[in-house]
Amino acid sequence: MTLRHFLRDDDLTAAEQHEILTRAKAIKAAPFRDRSLAGPEVVAVLFDKQTLRTQVSFTAAIAHLGGFPMVIDGKLAQVGVRESIADTARVLGREAVAIVWRTYGQERIEEMASYANVPVINALTDEFHPCQVLADLLTINEHKGRLAGLTFGYVGDGANNMAQSYLLGGALAGLHVRIGTPAEYQPNPDYLERAAQIAAEQGGSVTVVDNPVDAVAGADVVATDTWVSMGKEKESDSRKGSSSPFARFAVTADLMAQAAPDAIFLHCLPAYRGFEVDAEVIDGPQSVVWDESENRLHAQAAVLSWLREQHRASTR
Ligand code: NVA
């Protein structure tokens, strides 16, 4: 059996995604029962970019499974500068049973996985944020009782990691994923094509529109994300300034009112009130962002538990 990694949403089949979400639900319902990392086994958790939720939720998830989180500051490690990605993978693989990495280009985490002898998990790259999307799917399922067939409208930066992961991960779950974004911030066409292929297999759909109302009209779920992702800080003025192309995609109470009356609102956080979302939406009754934030823990515990199980089976 091949060594499995979780580098992008479609590294899982639809059935595997479903299995992990079911496991996440069980872990949430009965904390500390899954002891997949008992020992404690060590999981390396490495950050090249800023973090709050990802560090705390992976630390908590690893602790819940009986393991030990070895959190590494990327500024000290300087992966790819002081030491090659390949050598880092070889070193970490001797100490840890899994490697969790937040970094820049997707090619960096792919290289890490190609040299690692343990599972590698994407804790956000410029291209994807698959752990967040698993947490979001868990949250949607909790509030709506199902996933397949629901309409999911995301508005904002269509070229960022969240939009691209929503396309792939949402399509796998059978959602109708609509991305509302300015013409100059389209998702990568390769990922969009892949998502369309998955959606066709799973009975969902993917659509990209240039109009926020078309993206959220009648939607069961409305989501957004910052207009300035990590690594894009130099573009902050053009993205957030007075002539921001994203301004008309802000989730205001008026935009939210275009969605289904019982729609829920998601935001991966950190949120910038008054920019991509108004306070009355994110702090209002339709917002489930704190459940979503907590669900990072449970979704990631499930991914770790599942990958550890796959790895054990492959080396038996
Ligand atoms: N798109 C955002 C997500 C933060 C969790 C970023 O990359 O900064």
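State the number of residues belonging to the range 241-270 that are in a helix (DSSP H, G or I) and either among the hydroxyl-bearing types (Ser, Thr, Tyr) or open to solvent by 60 Å² or more (accessible area, probe 1.4 Å) (or both).
2
Per the conditions (1) open to solvent by 10 Å² or more (accessible area, probe 1.4 Å); (2) over 21 Å from LYS25 (Cβ atoms); (3) not aromatic (Phe, Trp, Tyr), the sole criterion not satisfied by ARG146 is (2). Between a residue in the range 213-228 that is more than 20 Å from THR139 (Cβ to Cβ) and within 16 Å of the ligand (Cβ to nearest atom) and any residue that is open to solvent by less than 10 Å² (accessible area, probe 1.4 Å) and of a type in the set (S, T, N, Q), which pairs come within a Cβ distance under 9 Å, given they are 6 or more apart or on different chains? Close Cβ pairs satisfying both conditions: TRP227/ASN160.
I need the full set of residues from the range 5-62 which are in a loop (DSSP other than H, G, I, E, B), within 16 Å of the ligand (Cβ to nearest atom) and among the acidic types (Asp, Glu), in order please. Within the range 5-62, just ASP48 meets the criteria. I'm checking my understanding of the structure. Among residues of the range 271-309 that are open to solvent by 70 Å² or more (accessible area, probe 1.4 Å) and of a type outside the set (Lys, Arg), which one is farthest from VAL97 (Cα to Cα)? Here the answer is GLU280. Among the residues of the range 174-184, is any outside any loop (DSSP other than H, G, I, E, B), surrounded by fewer than 17 Cβ atoms within 10 Å (Cβ to Cβ) and either free of Cβ contacts under 8 Å to residues at least 60 places away in the same chain or aliphatic (A, V, I, L, M) (or both)? Within the range 174-184, one or more residues are outside any loop (DSSP other than H, G, I, E, B), surrounded by fewer than 17 Cβ atoms within 10 Å (Cβ to Cβ) and either free of Cβ contacts under 8 Å to residues at least 60 places away in the same chain or aliphatic (A, V, I, L, M) (or both).
How many residues, within the range 24-78, are under 17 Å from THR103 (Cβ atoms) and small (Gly, Ala, Ser)? Adding up the residues that qualify gives 3. Considering only residues in the range 58-78 that are modelled with pLDDT under 95 and of a type in the set (A, V, I, L, M), the one that is surrounded by the fewest Cβ atoms within 10 Å (Cβ to Cβ) turns out to be LEU76.
The values are calculated or read from the model by the stated rules, or taken from the named source; none is laboratory data. This one's a predicted model, so the numbers in the text were calculated from it and none came from an experiment. Here Cβ is always computed from backbone atoms with ideal geometry, including for glycine, and neighbour counts include all displayed protein chains. Accessible surface is based on the protein model in full, side chains and every heavy atom, while ligands, DNA and RNA are left aside. Shrake-Rupley method; radii C 1.70, N 1.55, O 1.52, S 1.80 Å.
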